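First up is the structure itself, then whatever we jot down about it.
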Amino acid sequence: MLPRADFPTFAGGELSPQVAARYDTAKYQTALRACRNMLILPEGGVYRRPGFEFVGNARDHSKRLWLQAFQVSADESRVIEWSDLGLRIIAGGGYVLTTEVEVTAITRANPMVATIPASGYTVGEEAYFENIEGMTELNGRLLRVTAVAGDDVTFDADSREWGEFVGSGGGVPGDAGGGVGGEPPPPVDGDPIPPVPDVPERPDTVFPLPPLYAQI
């Protein structure tokens, strides 16, 4: 006897235990008992779920945190980082930050000193730089504040070999409506930053096999 098992598509998704024996239903012929770490394609195949992308350090490496997916709409989603007495929101490949503040001057020195009127920064916080003109090497960097003296903020960076600061293309004077800029940094002896792997959009795609036969 050669029983035949046809699985032309996996589009039915994953069956719950309550209907595991309902082989008489149409959904049974296109579903899976378990589908772990795999995503189902509309065409019927499945592919391996991509891993997380590194977007920044955790708030506190000494304590556990929890990442929760939050679906805003059908085509828009967020990730909430829950930590001890705090949370941060990840969207668009990075953390949601406070309003951009104005930078009026940056020294070419070690350590680097930036003039940020009424920034509201304190020692130990971090600042993300963008829209910096002239000293473009600074754009996209997340630097820690090591000292604050009036409007002069010192960061843990060596800018001696970078371009000459011309101006900042965005930002407003002040500390974003009275709030405090930046995010608390992880501990000094925190975990090292892991490498960011190149993850293809749909790795290890698997499509249903032809009808299977088993000898009994």
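The values are calculated or read from the model by the stated rules, or taken from the named source; none is laboratory data. Keep in mind that this is a model prediction, so the values were computed, not measured. Please note: Cβ atoms are built from the backbone with ideal geometry, for glycine as well, and neighbour counts cover all protein chains shown. Just the protein is used for accessible areas: all its heavy atoms, side chains included, with ligands, DNA and RNA removed. Shrake-Rupley method; radii C 1.70, N 1.55, O 1.52, S 1.80 Å.
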For residues in segment 67-79 being open to solvent by less than 80 Å² (accessible area, probe 1.4 Å) and over 19 Å from Phe54 (Cα atoms), which is farthest from the chain's Cα centre (by Cα)?
Ser73
If I ask for residues that are farther than 18 Å from Glu100 by Cα, of a type in the set (A, V, I, L, M, F, W, C) and open to solvent by 20 Å² or more (accessible area, probe 1.4 Å), which ones from segment 156-173 would you list?
Trp162
Mind listing just one residue for me: the one in segment 119-136 that is under 11 Å from Val153 (Cβ atoms) and part of a loop (DSSP other than H, G, I, E, B) and, of those, least open to solvent (accessible area, probe 1.4 Å)?
Ser119
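Results for (1) open to solvent by 60 Å² or more (accessible area, probe 1.4 Å); (2) at pLDDT 75 or above; (3) closer than 29 Å to Ala11 by Cα, shown as yes or no for each residue.
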residue	(1), (2), (3)
Arg59	no, no, no
Arg64	yes, yes, no
Glu81	no, yes, no
Leu97	yes, no, no
Ala105	no, yes, no
Going through segment 137-155 one residue at a time, which ones are open to solvent by less than 30 Å² (accessible area, probe 1.4 Å) and either touching a Ser or Thr at 6+ places or on another chain (Cβ under 8 Å) or part of a helix (DSSP H, G or I) (or both)?
Leu138, Val145, Val153, Thr154, Phe155
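Answer with yes or no whether Val113 is within 17 Å of the chain's Cα centre (by Cα), assigned to a strand (DSSP E or B) and either without any contact (Cβ under 8 Å) to a residue 24 or more places away in the chain or closer than 20 Å to Gly170 by Cα (or both). Walk me through it before giving the result.
Details: within 17 Å of the chain's Cα centre (by Cα): no; assigned to a strand (DSSP E or B): yes; either without any contact (Cβ under 8 Å) to a residue 24 or more places away in the chain or closer than 20 Å to Gly170 by Cα (or both): yes.
No: the conditions fail for Val113.
Got a number for residues in segment 64-99 being of a type outside the set (S, T, N, Q), out of contact with any strand residue (DSSP E or B) (no Cβ under 7 Å at 6 or more places or on another chain) and either closer than 25 Å to Glu161 by Cβ or touching a residue at least 12 places away in the same chain (Cβ under 8 Å) (or both)? Full working, then the answer.
Within segment 64-99, the subset of a type outside the set (S, T, N, Q) is 64-67, 69-70, 72, 74-76, 78-82, 84-97.
Now drop any that are not out of contact with any strand residue (DSSP E or B) (no Cβ under 7 Å at 6 or more places or on another chain), which leaves 64, 74-76, 84-86, 92-94.
Next, only the ones that are either closer than 25 Å to Glu161 by Cβ or touching a residue at least 12 places away in the same chain (Cβ under 8 Å) (or both) stay: 84, 86, 93-94.
Here the count works out to 4.
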Exactly one of Gly124, Gly181, Gly167, Gly171 is modelled with pLDDT of 55 or more and touching a Gly at 6+ places or on another chain (Cβ under 8 Å), and that one is Gly167
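Yes/no matrix, rows are residues, columns are (1) among the hydrophobic types (A, V, I, L, M, F, W, C); (2) surrounded by 12 or more Cβ atoms within 10 Å (Cβ to Cβ):
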position: Gly12; (1), (2): no, yes
position: Pro17; (1), (2): no, no
position: Ala20; (1), (2): yes, no
position: Lys27; (1), (2): no, yes
position: Leu32; (1), (2): yes, yes
position: Cys35; (1), (2): yes, yes
position: Leu39; (1), (2): yes, yes
position: Gly44; (1), (2): no, yes
position: Arg49; (1), (2): no, yes
